[in-house]
Every structure is written in C-alpha cells, then in structure tokens.
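Let me begin by presenting the structure, written as structure tokens, before commenting on it.
Throughout, read-outs are computed from the coordinates displayed, never taken from laboratory work. Predicted model only: the values in this text are computed from it and were never measured. Neighbour counts are summed over all protein chains in view; Cβ atoms, including those assigned to glycine, are modelled from backbone coordinates with ideal geometry.
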Amino acid sequence: MRKSVLEIAKLIDGQIEGEKEIWITGLSGIEEAKEGDLTFLANAKYASLVQKTKASAIIVDRETECSYPTIIRAKDASFAFGQIASLFLDEDYSCHKGIHPTAYIGQDVNIGQDVNIGPHAIIEDGATIGDRTTITGGVYVGPKVRIGQDCLFYANVSIREGVQIRDRVVLHPGVVLGADGFGYIYKDGRHQKIPQLGIVVLEDDVEVGANSCIDRARFEKTVIGQGTKIDNLVQIAHNIQIGKNCLIVAQVGMSGSVIIEDNVILAGQSGVNGHLRIKKGTILMGKSVITKSWPENSKVMGIPARPYNQARRSTVCYQRLPEYVKQIQELKQRVEDLECQLKEQVDQE
C-alpha cells in the first residue's frame with residue numbers, strides 16, 4: 001500500500017504543515033517508525049520522542065505544539081490514525097475467497113452474495129449467512145443460526161444452534177456462542193442438569209475477543225447490545241442482558257441474569273454478582289467485584305466495590321498497615337512502661 005500525505009490528510013480532514021510531496025508506505029509507533037512510515041502523537045508525555053523518530057510524517061491533534069518536517073493536524077490524532085490503518089490492511093489476509101471445496105454446507109442453507117467460507121468450516125442445516133460475510137477456516141455454524149451482513153469470524157469460532165448475529169459483527173479465534181448456561185439443581189445426592197432452551201443474540205457492530213464465551217439463556221435470550229466490545233477471555237453467563245456501547249475488558253466474569261445498561265465499562269478481571277442491574281455509565285475498576293447496584297455514572301472499585309475515591313483511600317491505609325502495627329506496638333510498650341512507673345509511685349507512697 002502506498003498513499004500520499006495529501007490523500008491521507010483528505011481522508012481525515014487534516015491540515016498539512018511542512019513538506020507535502022511525501023509518500024507513506026506503512027504505519028508504526030513513534031519509537032519504531034522508519035522512513036516511509038506514518039506515526040502519531042496523541043499523548044503529551046511522548047512529545048520528546050518526536051525529535052528521535054524517523055517517520056516520514058506525524059499526525060497530531062490540532063492544538064498540540066509540535067515541530068517536524070511533515071505534520072498532519074487532525075481533530076483527534078488517535079482516532080484519525082485508526083481510520084488510516086484500515087487503508088493499510090491486507091484485504092486478502094482473512095480467508096479463501098468464495099466457498100472452499102473442503103467446507104461442509106448442510107441442507108437448506110441460505111448464503112448471501114459475496115460470502116467467503118474457508119477450509120473445513122461447517123455450516124449446518126438451515127443456517128443463514130448474510131451478504132459479504134467472511135467465515136474463516138475451522139468455524140462451526142450450528143443449525144438454524146442466523147448471521148447478518150459484513151460479519152467476520154476468525155478461525156475455530158463455534159456458534160451453536162439458534163444463535164442470532166446481526167450485521168458487522170467480528171468474532172475472534174476461539175469464541176464460543178450459545179454453549180449451555182451453567183445451570184444445575186442438587187437433588188438425590190447429585191447435581192442434575194437444568195436444560196438451557198434459550199439462545200444468544202449479538203446486535204449490530206459487536207466485537208468479541210479471542211476465547212470468550214457467551215452462554216445461551218435458560219428460556220429466552222442472552223443479549224449483547226449494539227456496539228458493545230468484548231475483550232479476550234471473558235465469561236458471560238446465561239440470561240445476561242448487555243446494553244449498547246459497553247466495554248468488557250479481559251478476564252471479566254459475570255454471573256447469570258445480570259442486566260448491564262448502556263455505556264458501562266467493566267475493567268480487566270472484574271466480576272459481577274448474579275441478578276444485579278448495573279446502571280448506565282458505571283465504571284467498575286480492574287480486579288473489583290460489584291455486589292449491588294449503584295447510581296448512574298458511578299465509578300467503583302474494590303472487593304466488594306465501593307466508591308472509587310473511598311476505595312483508594314482504604315487501599316492507601318492498607319498499604320501502611322505494617323507501619324501502623326509498628327506504631328501500635330510502640331504505643332503499647334509506652335503505656336505499659338507508664339503503668340509500671342505509676343504503680344511504683346503508688347507503692348512508694
């Protein structure tokens with residue numbers, strides 16, 4: 001891929017400062033960039049690296065002070081760089097074009113136009129695949145699964161029966177959709193399985209990271225709302241309802257029947273107890289466990305989760321426990337010494 005600085009500036013509605021007759025052949029971070037690369041500066045703490053980089057051009061925010069032979073100023077440098085990155089993707093990387101001869105296609109499968117299905121993929125009976133969707137090698141699509149348009153499923157994704165996937169959904173390697181919810185009842189001395197009869201629904205523009213699992217509902221639907229992004233190694237249990245534009249970071253675990261409203265952020269390794277409603281805009285910090293509902297736009301942390309500032313103060317106190325213990329021991333000794341002195345005075349009198 002080869003793009004001129006002028007082409008790139010036009011794409012991101014940017015203004016060029018300095019040399020304009022420059023060709024860009026790659027993208028890179030500011031420290032690793034070499035001649036021909038485009039890089040960006042979105043954080044002031046990295047400003048010193050501008051004088052060391054070998055990039056041919058730098059994208060910066062419009063308000064950022066920066067001196068370099070070729071600069072493209074954009075409203076949001078980080079977002080603009082992401083837009084440009086899509087130009088440099090190799091469009092042939094993803095999958096065999098068309099339907100690979102080793103793919104298995106069941107009966108009554110409805111396949112749209114310009115669909116790609118890779119080697120050894122399995123499409124079971126009654127499935128529907130929308131236009132321009134790409135299914136790479138080793139993907140399993142169960143019976144009566146409905147897949148929308150412009151989706152991309154990477155290798156070894158497993159989608160069980162009845163799952164519904166809307167448009168522009170991305171599933172990374174190893175994702176499992178529609179496995180049974182973890183439902184058992186203890187009876188007659190053993191754990192007996194409760195049938196999980198529901199489905200999973202992924203709305204438009206959802207992305208699910210590698211090896212994440214979303215379980216089917218017991219009766220109705222486990223739903224992931226429009227625009228929600230899920231990181232790697234996330235567990236979403238049965239009957240969970242997740243709203244729009246949420247961010248679920250790596251190794252988050254949620255118990256069943258949780259309702260998560262729009263624009264919630266669950267940071268890495270955090271957990272959510274079952275049957276809770278997490279209000280709009282809530283942020284749960286990393287390694288925290290939320291055990292009750294909080295008002296909208298709350299920021300909470302800890303086990304159990306508490307208001308962020310309160311939890312931070314508690315953490316500082318906890319870190320100083322050895323110092324406090326030492327002080328208590330010293331005070332205890334002083335009190336004992338004073339008691340001994342007082343006793344001696346009383347005895348003498």
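Derived scalar couplings between HN and Hα for the range 119-129 equal x, 6, 6, 10, 10, 7, 4, x, 6, 10, 10 Hz in order, rounded to whole Hz, by the Karplus curve 6.51 cos²θ - 1.76 cosθ + 1.60 (θ = phi - 60°), x for Gly and Pro. Beta bridges from DSSP with both residues in the chain: antiparallel share about 15 percent, rounded to the nearest 5. Here the sum of -39500 (n - 2.57) over DSSP H runs of 4 or more residues, divided by the residues of the chain, equals -5000 deg cm²/dmol at 222 nm, to the nearest 500.
Label the range 137-180 by shape, choosing from rounded, prolate and oblate, from the square roots a ≥ b ≥ c of the eigenvalues of the Cα gyration tensor; if a/c is under 1.5 it is rounded, and otherwise prolate applies when a/b is larger than b/c, oblate when it is not. Oblate is the answer for the range 137-180, as a/c is 1.5 or above yet b/c matches or exceeds a/b. Under a model in which nothing but the beta-carbon of Lys, Arg (+1) and Asp, Glu (-1) is charged, the chain shows a dipole of about 680 debye around its Cα centre. In this structure, the amide hydrogen of Ile99, modeled 1.01 Å from its nitrogen in the peptide plane, lies closer than 5 angstrom to those of Ile117, counting only residues at least 5 positions away or on a different chain.
Name the most mobile residue of Lys229, Lys279, Lys193, meaning the one with the largest mean-square fluctuation, in a Gaussian network model of the chain with Cα contacts below 10 Å. It is Lys193.
By DSSP, the beta bridges lying fully in the range 3-88 are antiparallel in about 40 percent of cases. Amide H contacts under 5 Å for Val234: Ser212, Cys213, Gln251, restricted to partners 5 or more places along the chain or on a different chain, H placed in the peptide plane at 1.01 Å from N.
Among the listed pairs Lys45/Lys244; Lys229/Lys280; Lys144/Lys287; Lys3/Lys75; Lys229/Lys279, a Cα-Cα separation exceeding 27 Å is found for Lys45/Lys244; Lys144/Lys287.
Decide, for the range 3-88, between rounded, prolate and oblate: order the square roots of the alpha carbon gyration tensor eigenvalues as a ≥ b ≥ c, take rounded if a/c falls under 1.5, and otherwise choose prolate if a/b is larger than b/c, else oblate. Note, shape of the range 3-88 comes out rounded. Diffusion of the chain by Stokes-Einstein, at 20 °C in a medium of 1.002 mPa s and with Rh set to the Kirkwood radius over alpha-carbon pairs, works out to 88 µm²/s.
Build a GNM of the chain with springs between Cα atoms under 10 Å apart, and of Gly14, Gly302, Gly253 the one that fluctuates most is Gly14. Derived scalar couplings between HN and Hα for the range 142-157 equal x, x, 6, 6, 10, 10, x, 8, 6, 8, 9, 10, 7, 4, 6, 6 Hz in order, rounded to whole Hz, by the Karplus curve 6.51 cos²θ - 1.76 cosθ + 1.60 (θ = phi - 60°), x for Gly and Pro. For the range 301-349, applying the loop criterion from DSSP together with a ceiling of 13 other beta carbons within 10 Å to the trypsin sites (Lys or Arg not before Pro) yields Arg320. Each residue of the range 180-191 is assigned a 3J(HN,Hα), and the resulting list reads 4, x, 7, x, 9, 10, 7, 8, 6, x, 8, 7 Hz, derived from the Karplus form 6.51 cos²θ - 1.76 cosθ + 1.60 (θ = phi - 60°), x at Gly and Pro.
For the chain, averaging the sequence separation of C-alpha pairs within contact (under 8 Å, six or more residues apart) and dividing by the residue count gives a relative contact order of 6 percent.
Taking the chain as a Gaussian network, where each spring joins two C-alpha atoms under 10 Å apart, which residue of Ile290, Ile194, Ile111 fluctuates the most? Of Ile290, Ile194, Ile111, the most mobile in the Gaussian network model is Ile194. For the range 3-88, averaging the sequence separation of C-alpha pairs within contact (under 8 Å, six or more residues apart) and dividing by the residue count gives a relative contact order of 30 percent.
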